[in-house]
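Okay, so here's the structure we're looking at.
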Amino acid sequence: MTEDRQSPVSRRRYLQLAGGAAATAALAGCSGDSDELNTDTPADGGSGGNQSGNDTGSDGDGDNQSDGEFAVTITQGQMDAGLDPHDHRETNTDIILMQIYEGTLDRNREGQVAEGLAENYEQAEPNRVRLTLREGVTFHNGDELTPEDVAFSINRIVNNDVGGLASPQSDQLAGITEAQVVDGERAVDVISDGVNPMAIGLLASYGDVMQKSWVESNDSSYINSHANGTGPFQLSNYTQDESVEYTKYEDYWREPAEVDTLTINAASESSTRVNQLVSGETDIVENVPPQEVSRVNSNDNTRIEAVPSTRIIYNGMRYDVEPFSNRKFRRAMNYAIDLETIVSEVLSGFSDATGQPTLEGFTGYNPDIDPYPYDVEQAEQLVEESGFAGATLELHTPVGRYLKDLEISQAVVGYINELSNVEAEVNQRDFGELAAQLTSGNIEDMPHWYLIGWGNETFDASQTLIPLLTTGGALSSWSNEEFDNLVNEAGNTADADQREQLLREANQLAHDEAPWIFLNRQYSVYGASSRIDWQARRDESIKAYEISQPQ
Amino acid sequence: MSFAQFIIKRSLQGIFVVWGVVTVVFLLRFSTPGDPVNFIAPLDASPELRQRIAEELGLNQPLYVQYLDYLAGLLAGDMGYSYISGTEAATRIFARVPATVELAVAATVVAIVISIPLGVVSATRRNEPADYVATTFSLTGISTPNFWLGIMLVLVFAVQLNFLPTSRRPIGFAPAMGYLFSGNSAGIILWLQHITLPAITLGTYFTALVTRLTRSGMLDELGKSYVDAARAKGLPETLVRYKHALRNTLIPVITVLGLQLGTLIGGAVITEAVFAWPGLGTLVINSINTRDWPLIQGCLIVIGSSFVLVNIVVDALYAYVNPQVVYD
């Protein structure tokens with residue numbers, strides 16, 4: 001059987017409508033007047049869409065200024081994993097939240113510890129840091145910051161029983177066991193389990209402060225989609241996976257931000273981000289790949305902002321398997337690599353060569369150590385002396401996890417293959433699988449030779465040396481008793497100068513023993529619009545409070 | 001078999017197909033390298049933290065328990081929770097559906113508006129310049145990878161000419177229409193500006209395909225004896241071509257259009273990535289990058305289900321358009 005059939009008129013009508021839509025689309029392209037959009041477009045796009053009345057990123061005319069307001073857009077590679085500042089470990093989420101939430105201590109652009117919500121801080125005892133809070137700080141709901149809020153926030157991170165959350169950030173405040181309000185004072189004591197010379201440094205990098213009563217009166221879903229911090233910007237609109245919009249907080253304890261409205265959105269493709277930048281649709285884009293740098297620099301209205309990051313890339317070698325068990329062989333591998341050429345050609349200069357595990361500018365960095373020179377003869381001779389001439393090696397490398405990781409690995413293997421007495425090849429690995437082997441806690445699960453990266457936002461050598469190089473460290477494939485003793489002693493030394501010296505000695509030992517092929521310090525490469533004054537930071541953060549209009 | 005019985009039968013078959021999709025997608029997770037815990041936990045996470053994450057996500061349960069839990073959840077409309085953000089997967093996924101459907105429908109509209117007239121002109125002016133232009137266009141369209149086309153369109157129309165925006169979807173179709181009905185046209189213009197390049201990118205291959213299909217179908221129909229009879233009766237040529245020949249040509253075209261709509265919903269991944277279009281495709285890519293399996297599974301199930309649904313609708317429409325079809 002058949003149903004009643006539709007009249008052909010409706011099909012013709014359909015085609016008329018479709019044709020009309022196409023014509024309208026063409027017309028829209030011709031007549032799109034951004035100024036008109038900025039004034040006429042509704043302030044709220046409703047569900048499934050999000051359009052700000054001060055649209056900065058989508059009008060296509062590059063004019064982010066409307067009604068005299070200074071509006072800025074930042075485009076990342078990915079959006080957030082929710083808005084709870086204690087329930088994530090990703091840099092992209094961090095950047096979205098650092099506009100709203102702050103810690104008791106902060107860091108300046110060079111990575112040095114600075115005051116935050118605490119106007120004073122001191123290592124009162126080897127295991128106790130006292131934070132004195134400043135007056136006049138308010139949350140975005142208007143309530144005043146209290147010492148109870150600060151103690152609650154730190155305890156919510158380090159203690160699973162506080163604040164309804166088992167925070168994944170507990171490792172970031174390593175050694176800290178609790179925070180207590182000091183009776184009769186506007187201060188908080190942060191207690192560690194034993195001597196903790198790192199406590200102040202950790203609090204400068206981690207530990208966002210939330211309002212205790214706000215957290216306790218809202219469920220996880222609400223906390224992950226709303227915000228109430230003390231920072232320079234307050235949340236005005238949140239569309240998960242798409243964009244976060246902010247307005248400046250006028251009652252901020254410092255001078256209010258120069259930026260009036262801020263939008264953070266994301267585009268996973270680097271070329272899409274660069275297109276948005278050069279078209280004037282956004283003001284800052286992250287992770288500009290080397291091949292796109294010239295396009296940004298050649299545009300009159302954009303520039304590259306590149307800065308050494310806190311991330312080191314290296315080739316780990318397992319000390320317990322041949323040929324890497326031999327010190328001479330490990331050193332030979334370092335001499336075999338033309339690191340300067342890798343930095344200049346593979347990474348287009350957006351990296352620094354390294355010769356020790358600690359990066360320049362960090363506590364414990366040894367300024368007397370240079371990267372290994374490129375010396376093929378020396379490398380071949382050391383291989384012969386090691387007794388492992390003819391060795392065949394396999395370098396396990398992730399692909400796309402770090403800037404040019406595969407290309408770096410291919411270059412390393414290429415140089416080693418230039419030696420007359422060693423052969424090498426690259427094994428491309430899924431990052432999750434490789435990470436599982438590296439972090440299993442059993443050295444026998446680890447590949448013999450691998451490329452990995454490590455970011456350390458604390459600007460302190462110990463947070464690299466302990467997990468990566470001490471015996472039993474979370475990612476360590478090396479064991480050296482002298483090195484362990486130096487790092488342990490540094491961890492138990494309250495005297496800053498003495499500690500610095502011990503860490504320098506540890507770095508010298510690591511250089512000499514060569515547990516890694518020392519590779520590069522990765523740069524953070526951003527594209528920025530000429531309509532903003534902004535400098536990239538070393539700690540991979542983007543603080544919109546530091547953005548101003550060019551004079 | 002009645003039309004209603006036909007629809008019920010196809011729907012039941014569809015349910016089994018979707019169950020198959022759910023099972024395959026679920027098993028895919030266990031044949032794919034990379035433990036989700038290693039993507040969630042930082043590199044230096046302690047074994048205790050890893051264990052805690054695995055327990056919270058139910059990843060320490062036996063496979064069959066996880067599978068049955070997942071099926072039971074699905075029946076209750078629960079697709080689980082995102083490993084990364086902890087939010088409801090279904091909410092995240094269905095929030096993305098409008099963007100993908102808008103793009104797929106817009107690409108289909110682009111294809112229909114261009115391809116059918118082009119195919120007809122090409123067939124009725126066979127071996128004339130218009131035919132050569134149309135066949136060259138369709139060959140080029142079929143041969144052009146859409147990621148390349150998308151990038152080129154952006155470079156020319158957005159970056160160089162500053163004529164259209166490069167990417168993003170600042171407003172959805174529904175709210176834009178809402179504002180239009182209340183007298184504000186800025187929203188719909190903004191929507192059109194943003195969807196034009198992605199729709200052309202996604203629709204070009206489809207346009208070329210339907211142009212060729214329409215051309216060959218029209219040539220076939222125009223050669224049949226009923227067309228000669230119509231002409232002999234003295235019917236105007238326009239009526240012969242568009243009322244009779246084109247109408248019969250459109251039957252297979254409708255089938256392809258429907259099937260292709262399903263393909264477009266699932267196949268817009270690259271286009272969405274190039275244009276930062278917040279649809280299912282970008283959610284799939286981002287979720288794969290972070291091994292966020294509840295989101296990956298949910299997206300694939302929604303895409304698979306929509307394909308099944310579109311097929312059922314096409315079958316029904318096909319029978320509706322062509323009275324010679326017998327339900328069995």
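The values are calculated or read from the model by the stated rules, or taken from the named source; none is laboratory data. Quick caveat, the model's predicted, so the values are computed rather than measured. In this analysis, Cβ positions are derived from the backbone assuming ideal geometry, glycine residues included, and neighbour counts consider all displayed protein chains. For accessibility, only protein heavy atoms count, side chains too; no ligands or nucleic acids. Shrake-Rupley method; radii C 1.70, N 1.55, O 1.52, S 1.80 Å.
With the simple spin-label model, which puts each label point 7 Å out from Cα in the Cβ direction, the B:TYR67 to A:ARG327 separation comes to 5.6 nm. Axis angle, to the nearest 10 degrees, between helix B:63-75 and the longest C-alpha principal axis of chain B: 50 degrees.
Listed by chain and number, the lysines whose C-alpha is less than 19 Å from the C-alpha of A:LYS543, apart from same-chain residues fewer than 8 away, are A:LYS248. What's the FRET efficiency of B:GLN160 with A:TYR222 using the Cβ-Cβ distance as r and R₀ = 41 Å, to the nearest 0.05? So the FRET efficiency works out to roughly 0.35. In order along the stretch A:339-348, the Karplus-derived 3J(HN,Hα) couplings, from 6.51 cos²θ - 1.76 cosθ + 1.60 at θ = phi - 60°, round to 5, 4, 5, 4, 5, 6, 9, 6, 9, 6 Hz, and Gly and Pro are given as x.
When N is the residue count of the stretch B:9-161, what does its C-alpha Rg come to as a fraction of 2.2 N^0.38 Å?
On the way: Rg = 24.2 Å, N = 153, 2.2 N^0.38 = 14.9 Å.
Compared with the compact-globule rule of thumb, the stretch B:9-161 sits at 1.63.
The C-alpha atoms of chain A define a longest principal axis, and helix A:327-336 lies at about 50 degrees to it. Axis of helix B:129-143 versus longest Cα principal axis of chain B: the two differ by about 10°, to the nearest ten degrees. Of the candidates B:LEU161, B:LEU190, B:LEU309, which one comes out as most mobile in a Gaussian network treatment of chain B with C-alpha springs shorter than 10 Å? Greatest mean-square fluctuation among the candidates belongs to B:LEU161. In the protein assembly as shown, Rg over Rh equals 1.02, where Rg is the alpha-carbon radius of gyration and Rh the Kirkwood radius from pairwise Cα distances.
Work through the residues other than A:PRO85 whose Cβ is under 9 Å from its Cβ and net out their charges, Lys, Arg +1 and Asp, Glu -1. Present the calculation step by step, with values, prior to reporting the outcome.
Numbers: positive: none; negative: A:ASP84, A:ASP87, A:ASP94, A:ASP208.
Value of the local net charge: -4.
Here the Gaussian network model covers chain B, with springs between Cα atoms less than 10 Å apart; of B:SER11, B:SER46, B:SER122, B:SER46 fluctuates the most. Considering only A:VAL285, B:ILE171, A:SER420, and ranking their Cα positions along the charge dipole of the protein assembly as shown that arises from unit charges at the beta-carbon of Lys, Arg, Asp and Glu, the one farthest toward the positive end is B:ILE171.
Per-residue ellipticity at 222 nm, computed for chain A from helices alone with -39500 (n - 2.57) per DSSP H run of at least four residues, works out to -8500 deg cm²/dmol. The solvent-accessible area of A:ASP251, taken with every protein chain present and a 1.4 Å probe, is close to 100 Å².
Electrostatic bookkeeping for A:HIS448 treats Lys and Arg as +1 and Asp and Glu as -1; over the other residues with beta carbon under 15 Å from its beta carbon, the sum is -4.
Listed values for the stretch A:128-133 are Karplus-derived 3J(HN,Hα) couplings in whole Hz (6.51 cos²θ - 1.76 cosθ + 1.60, θ = phi - 60°), namely 9, 10, 9, 10, 9, 7, and x replaces Gly and Pro.
Considering only protein heavy atoms, what per residue accessible area in square angstrom results for the protein assembly as shown with a 1.4 angstrom probe? All intermediate terms of the calculation are to be shown ahead of the outcome.
On the way: 35780 Å² over 879 residues.
That works out to 41 Å² per residue.
Restricting the stretch A:485-521 to GluC sites (Glu not before Pro) that sit in a DSSP loop and have at most 12 other Cβ atoms within 10 Å of their own Cβ leaves nothing. Remark: the stretch A:176-183, residue by residue, has Karplus-estimated 3J(HN,Hα) of 7, 10, 6, 10, 10, 6, 7, 4 Hz, where x stands for each Gly or Pro and the curve is 6.51 cos²θ - 1.76 cosθ + 1.60 at θ = phi - 60°.
Which shape class applies to the stretch A:444-541: rounded if a/c is under 1.5, otherwise prolate when a/b exceeds b/c and oblate if not, where a ≥ b ≥ c are the square roots of the Cα gyration tensor eigenvalues? Could the numbers behind the result be given before it?
On the way: a/c = 2.77, a/b = 1.53, b/c = 1.81.
Here the stretch A:444-541 falls in the oblate category.
Amide H contacts under 5 Å for A:ARG107: A:ALA114, restricted to partners 5 or more places along the chain or on a different chain, H placed in the peptide plane at 1.01 Å from N.
For the stretch B:222-305, the set of trypsin sites (Lys or Arg not before Pro) satisfying both a DSSP loop assignment and a count of at most 14 other C-beta atoms within 10 Å is given as B:LYS224, B:LYS233. Among all stretches of chain A without exposed trypsin sites (Lys or Arg not before Pro) (DSSP loop, at most 14 other Cβ atoms within 10 Å), which one is longest? Counting at most 14 other Cβ atoms within 10 Å as exposed, the longest clean stretch of chain A is A:255-551.
Amide H contacts of A:THR302 (H built 1.01 Å from N, in plane; Pro and chain starts excluded): A:SER530 sit under 5 Å, all sequence-distant by 5 or more or on other chains.
Protein heavy-atom surface of the protein assembly as shown, 1.4 angstrom probe: 51% of the accessible area is carbon and sulfur, with nucleic acids and ligands not counted.
Taking Cβ atoms as reference points and 13 Å as the exclusive limit, the residues near A:SER548 contribute a net charge of -3, counting Lys and Arg as +1 and Asp and Glu as -1. Each of A:ASN297, A:SER344, A:VAL307 was scored by the projection of its Cα onto the charge dipole of the stretch A:280-371, and the greatest displacement toward the positive side belongs to A:SER344; charges sit on the C-beta of Lys, Arg, Asp and Glu.
When Rg and Dmax are taken over the Cα atoms of chain B, they come to 24.0, 87 Å.
Of the residues A:GLY400, A:LEU145, B:ILE288, the one whose Cα sits farthest toward the positive end of the charge dipole of the protein assembly as shown, with +1 on the Cβ of Lys and Arg and -1 on the Cβ of Asp and Glu, is B:ILE288.
For the interface of chains B and A, what total accessible area is buried with a 1.4 Å probe, rounded to the nearest 100 Å²?
In total, chains B and A hide about 5700 Å² from solvent.
Dipole size of the protein assembly as shown about its Cα centre, with +1 on Lys/Arg Cβ and -1 on Asp/Glu Cβ: approximately 5820 debye, rounded to the nearest 20. Counting only residues at least eight positions apart within a chain, or on another chain, the lysines with an alpha carbon under 22 Å from that of B:LYS224 are B:LYS233, B:LYS243. Computed about the Cα centre, the dipole magnitude for the stretch A:477-551 is approximately 760 debye when only Lys and Arg (+1) and Asp and Glu (-1) carry charge, each at its Cβ.
Taking the Cα centre of the stretch A:239-294 as origin, sum charge times position over the Cβ atoms of Lys and Arg (+1) and Asp and Glu (-1), and report the length of that vector in debye to the nearest 20.
Working: 3 positive and 13 negative charges, 37 e Å.
Charge dipole of the stretch A:239-294: 180 debye, to the nearest 20.
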